[in-house]
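The next block holds one structure in the form of structure tokens; read it before the comments.
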Amino acid sequence: MKVTNKSTVRVGAAGVAVIGIIVLFLVMFAVERIDSGQTGIIVNLAGSERGVDDAKVETGWVVYNRFAKQLFEYPAFAQIVDYEPFDIQDKKGTIFKTDPTIEYFIEREDAKVVFLRYRKTTRIGTECYPDGSEERL
């Protein structure tokens, strides 16, 4: 059996095409794993069904088009936020020292509602201090 230059060119072009398709897939799509303690929300960014109203709650392995969708993760376990102590003054002028600690939990089914209302991750929501300032990391 004799190998000609034409068959070599066809095989080479097919190989380049296959490699190009694989590279295109890797660039367009993202594969991420959402841990068991997290809840993922996939939001459509393009098309007739875009917006957060059609957001899907996911767990486990997720494949999505990174140009058309965006993934947000929320913790599905109890979170504890311990703020710095600060002083409060009542109407009569008495000063009280407070040391607030907040514990919250987002149900998996309600993660979509939290995202629709605040459109941020929980970390951003817990970085605000009582005086209105925010910590910038």
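Can you tell me which residue among VAL63, VAL113 is in a strand (DSSP E or B) and either closer than 30 Å to MET28 by Cβ or at pLDDT below 85 (or both)?
Just a single option satisfies the conditions, and that option is VAL63.
Looking only at the stretch 84-107, which residues are closer than 30 Å to VAL57 by Cα and touching a residue at least 40 places away in the same chain (Cβ under 8 Å)?
Our first condition is that a residue be closer than 30 Å to VAL57 by Cα; within the stretch 84-107, this holds for 101-107.
Passing the criteria: only ILE106.
Just wondering, is there one or more residues in the stretch 84-98 that are aromatic (Phe, Trp, Tyr), surrounded by 10 or more Cβ atoms within 10 Å (Cβ to Cβ), touching a strand residue (DSSP E or B) at 6+ places or on another chain (Cβ under 9 Å) and modelled with pLDDT under 90? Walk me through it before giving the result.
Looking only at the stretch 84-98, we keep the residues that are aromatic (Phe, Trp, Tyr), and these are 86, 96.
Of the ones still in play, those that are also surrounded by 10 or more Cβ atoms within 10 Å (Cβ to Cβ) are 86.
Restricting the remaining residues to those that are touching a strand residue (DSSP E or B) at 6+ places or on another chain (Cβ under 9 Å) gives 86.
Retained after the next criterion (residues that are modelled with pLDDT under 90): none.
No; the residues of the stretch 84-98 include none that is aromatic (Phe, Trp, Tyr), surrounded by 10 or more Cβ atoms within 10 Å (Cβ to Cβ), touching a strand residue (DSSP E or B) at 6+ places or on another chain (Cβ under 9 Å) and modelled with pLDDT under 90.
What's the total number of residues in the stretch 67-83 that are assigned to a strand (DSSP E or B), more than 14 Å from the chain's Cα centre (by Cα) and surrounded by 10 or more Cβ atoms within 10 Å (Cβ to Cβ)? Break it down into steps so the answer makes sense when it comes.
We begin by selecting, within the stretch 67-83, every residue assigned to a strand (DSSP E or B); these are 69-75, 79-82.
Cutting the leftovers down to more than 14 Å from the chain's Cα centre (by Cα) gives us 79-82.
Among the residues that remain, those that are also surrounded by 10 or more Cβ atoms within 10 Å (Cβ to Cβ) are: 79, 81-82.
The number of residues fulfilling the criteria is 3.
Residues checked against (1) in a helix (DSSP H, G or I); (2) at pLDDT 85 or above:
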site	(1), (2)
LYS2	no, no
ARG10	yes, no
ALA17	yes, yes
ILE21	yes, yes
LEU24	yes, yes
GLU32	no, yes
SER48	no, no
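The values are calculated or read from the model by the stated rules, or taken from the named source; none is laboratory data. No experiment lies behind these values; they were computed from the predicted model shown. No Cβ is skipped: glycine too gets one built from the backbone with ideal geometry, and neighbour counts run over all protein chains shown.
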